[in-house]
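The next block holds one structure in the form of structure tokens; read it before the comments.
The values are calculated or read from the model by the stated rules, or taken from the named source; none is laboratory data. Fair warning: this is a prediction, and the values are worked out from it, not measured in the lab. No Cβ is skipped: glycine too gets one built from the backbone with ideal geometry, and neighbour counts run over all protein chains shown. Ligands, DNA and RNA are stripped out before the accessible areas are found, and what is left, the full protein with its side chains, is counted by its heavy atoms. Shrake-Rupley method; radii C 1.70, N 1.55, O 1.52, S 1.80 Å.
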Amino acid sequence: MSPVKKYPVLVALVLGAAFMVLPFFIVLMNAVKTPEEYSSDGPLSMPDGVYLDGLADFWERVDFGQKLWNSVLISGSVALLAVVLSVLSAYAIGIGRIRGRPYVLAFFVLANMLPQEALVYPIYYLSKEFGLYDTRLSVVIVFTVVQSAFGTYLLSSVLGGFPREVIEAARIDGATKWQVLWRVVVPVSRPTIGVLMVLFFIWTWNEFLLPLVMLVSDDNQTVSVALGVLQGQRDMDATMTNAAALLGVLPAIAFFLIFQRTLTRGIAVGAVK
């Protein structure tokens, strides 16, 4: 790319990055201010020092360690189970070529497009009937099904173009269908599966409505529910709100940075295909 074309692109990328980072910077800046500084100087002023009492107060008030563990447990379980379920379903649809494949895929797309507001009452009623209400298992089951619907649709499209020669060669060597799946298809599709796992984790981490309805006990609530519930209290100050937002977003950012290479590799493989 010539310098004449390169510099405008770089300027646009820098501006876009600054636009996205600015809200996080404002949250960080206000999270380490004292309430008096925030009241006198406003939200856009630089802090005079580092005031960590807001972070500590929020951590103790909502038992953030327990909320963090609940979010990690639920999001991690959903990501793992939804990926396994998606791989098994997509293997049957994409490579097994079952009858009515387009209609089955359309069903998964429609299931994924259903608004959560429409699912609240049926899920609430069923969880009460089966004794799963106010348990983390109920949320794991619900989001495993919801996320695997999208995963099945995406992986079925990917596996539909899987080289048939590779599968036939494995079968000629004596591999069973199960061995073809786990020793041939899964290793080749690992970048796409890795992207799905990262997306499932982040999507589940950010879920609010269904965990708010299903997890009423303080010991079972997730980070997003704790943030939403706390913001309604009258004694909540602005610096503590920013501290809560900072603590809530940091684990998701850390997870994204850890698996950034997996995301990049998966997107690059998809672009090449």
Ranked by GNM mean-square fluctuation in the chain (Cα springs under 10 Å), the top entry among SER148, SER189, SER77 is SER189
Applying the gyration tensor rule to the Cα atoms of segment 118-185 (axes a ≥ b ≥ c; rounded if a/c under 1.5, else prolate if a/b exceeds b/c, else oblate), the class is prolate
Among chymotrypsin sites (Phe, Trp or Tyr not before Pro) in segment 28-133, those in a DSSP loop whose Cβ has at most 15 other Cβ atoms within 10 Å are PHE130
Simple SL model, points at 7 angstrom along Cα→Cβ for LEU114 and LEU44; separation in nm is 4.6
Answer in debye to the nearest 20: the dipole magnitude of the chain about its Cα centre, from +1 Lys/Arg and -1 Asp/Glu charges placed on Cβ, is 1960
To the nearest 10 degrees, the tilt of helix 190-206 (Cα long axis) against the first principal axis of the alpha carbons of the chain is 40
Answer in debye to the nearest 20: the dipole magnitude of segment 35-149 about its Cα centre, from +1 Lys/Arg and -1 Asp/Glu charges placed on Cβ, is 1380
Heads up, segment 4-146 by the C-alpha gyration tensor (a ≥ b ≥ c square roots of eigenvalues; a/c under 1.5 rounded, else a/b over b/c prolate, else oblate) looks oblate
Whole-Å distance linking the alpha carbon centroid of segment 135-207 with that of segment 60-113 is 10
Partner aspartates and glutamates whose C-alpha sits under 16 Å from that of LYS67, ignoring same-chain residues fewer than 8 away, are ASP57, ASP134, GLU207, ASP218, ASP219
The farthest towards the positive end of the charge dipole of segment 1-154, of the residues VAL50, TYR38, LEU126, given +1 on Cβ of Lys and Arg and -1 on Cβ of Asp and Glu, is LEU126
Once all protein chains are kept in place, ARG190 shows an accessible area at probe 1.4 Å, nearest 10 Å², of 150
To the nearest Å², the heavy-atom accessible area per residue of segment 81-122 with 1.4 Å probe amounts to 63
Of every hundred units of 1.4 Å-probe accessible area on segment 1-83, the number belonging to carbon and sulfur atoms, as a percent, is 74
For the chain, longest principal axis from Cα atoms; helix 64-90 axis from its Cα atoms; angle between them, nearest 10 degrees, is 20
Those trypsin sites (Lys or Arg not before Pro) from segment 1-102 that are DSSP loop and have at most 11 other Cβ neighbours within 10 Å turn out to be ARG97, ARG99
Rounded to the nearest 10, the angle in degrees between the Cα long axis of helix 53-62 and the longest principal axis of the Cα atoms of the chain comes to 60
A 1.4 Å probe over the protein heavy atoms gives segment 84-201 a carbon and sulfur accessible-area percentage of 68
